1. Using a 1.4 angstrom probe on heavy atoms only, work out the carbon and sulfur share of the accessible area of the range 165-258 in %.
2. When ligands, DNA and RNA are left out and all protein chains stay put, how many square angstrom of accessible area per residue does the range 250-379 have with a 1.4 Å probe?
3. If you add up the charges near residue 229, with Lys and Arg at +1 and Asp and Glu at -1, over every other residue whose beta carbon is less than 13 angstrom from its beta carbon, what do you get?
4. Enumerate the calculated ³J(HN,Hα) couplings along the range 337-351 in order (Karplus 6.51 cos²θ - 1.76 cosθ + 1.60, θ = phi - 60°), each rounded to whole Hz, writing x wherever the residue is Gly or Pro.
5. Taking all protein chains as present, what is the carbon and sulfur share of the accessible area of the range 282-328, in % to the nearest whole number, probe 1.4 Å?
6. Near residue 203, within a Cβ-to-Cβ distance under 14 Å, what is the net charge of the other residues, with Lys and Arg +1 and Asp and Glu -1?
7. Please give the charge dipole size of the range 79-203, origin at the Cα centre, charges +1 on K and R Cβ atoms and -1 on D and E Cβ atoms. Round to the nearest 20 debye.
8. In Å², what does the accessible area per residue of the range 88-137 work out to with a 1.4 Å probe?
Amino acid sequence: RPAGRGGAARDGAHRNHADPAVRLGAGVPPCSERFWQRGRSQARLDGVEGLQQRLQGEPHEALRQGQRACESRGAAGPAGILAVLRKNKDYGWFVVLAFRAVQMCLGPRGPSTLDQPVLQACDPVAFAMQMLEMEMIDDILQLMREYAGVRDLQHHGLAIIEILIMDDPEWRDEVARKGGVAIVCAIAKQRQYRNSPSIMCQVMTVMSYLAAEDYIEVMLCQHDALQYVSYVLRFFAQNVELATRASLALLNLTVCELHVEEMLEKRAIPLVLHVMDAHAKDVHLVIILMGVLANYSVREEVRHLLVQDRVLPRIADAMRLDPSNAVLQVACLKALVNYSTNVEHYMIMDELGIPLLVGQVMVDHAEDPGVQKYGNFFLGHHTSCPIL
């Protein structure tokens, strides 16, 4: 009997590696012996006999065979992979292989791909454009739904989505329009993935890219994305990579003031401070967290809560972390501006020496327009501050 959906992928021993090329070169999980005895006749794809037997060899060779199988119908590239994928979608291990092939075609070219002529001849941009024209994301998302319990398939599916939406608003719209938001949030909801740092890193990254579009930010929060981000910050604060990606997702998910209120209702506001305490010397993460605090500061009740939790000394420490870093100083000034409108909060800042720090920063970065703009806001030279 043919291997059940995802069975071989669950039994397969291939593991995740940092380099996608290494992952693609890993061994492909073999099918059961009975599959080859009773299902051999099904291993003929448009005249390419025994394709699935060859899949137990080099995955790049399998990709070439899949493309050759579709050349007779005038298809190539994404069309070739998609045609072979559709004919073998009932085999989880084959779907994993196809997803890995798509990921490699979209991914960057490095030294590990120099000896792979198929990849060298493939243009990632043109490949993505063809995928968009063919609406290939429909098949990818559908298979991610059907094989929700297959970890490797979800891993490669998220990697494909991440590459496509990284800096392309059109792909973000396509993924959101085809139901990708619900799938990403469903992955984060499953217990087997929720406690997996590697999978949650991918989920948080995809959420952060999608939330860069305002309407997708709303869609994500409708699917309780803030709950999953809060979970990561609460239980994985010590994991610097996961905390960084979750903080970036939170930054984009709290642009809307209503979402700040939702975090307040979830009692998740102080989680940012816990992450800051755990990684106080990480400049890149501190910059992101300052952006989150700036989003939080638009709500007066949130400001009072954070002041009680000693957010102002933490911001002062962040300003002293790297005085020469203009980006860090602008992020800190944005986080401070709204606190300067409250007399009690300003007195606390005065005791901490924050106004002196602001003045020094404005002198040190006299040519930086961002520092001058938000420094003037802090010092009260303007009546209002449009932070966002």
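1. In the range 165-258, the share of accessible area belonging to carbon and sulfur is 53 percent.
2. With all protein chains present, the range 250-379 gives 44 Å² per residue.
3. +2
4. Each residue of the range 337-351 in turn: 3, 5, 5, 6, 7, 10, 4, 4, 5, 5, 5, 4, 5, 5, 5 Hz.
5. With neighbouring chains kept in place, the figure for the range 282-328 is 50 percent.
6. Net of charged neighbours comes to +2.
7. 620 debye
8. 42 Å²
The values are calculated or read from the model by the stated rules, or taken from the named source; none is laboratory data. As the structure is a prediction and not an experimental result, all values here were calculated from the model. Every residue, glycine among them, receives a Cβ derived from its backbone with ideal geometry; neighbour counts consider all protein chains shown. Just so you know, the surface numbers come from the protein's heavy atoms only, side chains and all, with ligands and any DNA or RNA stripped out. Shrake-Rupley method; radii C 1.70, N 1.55, O 1.52, S 1.80 Å.
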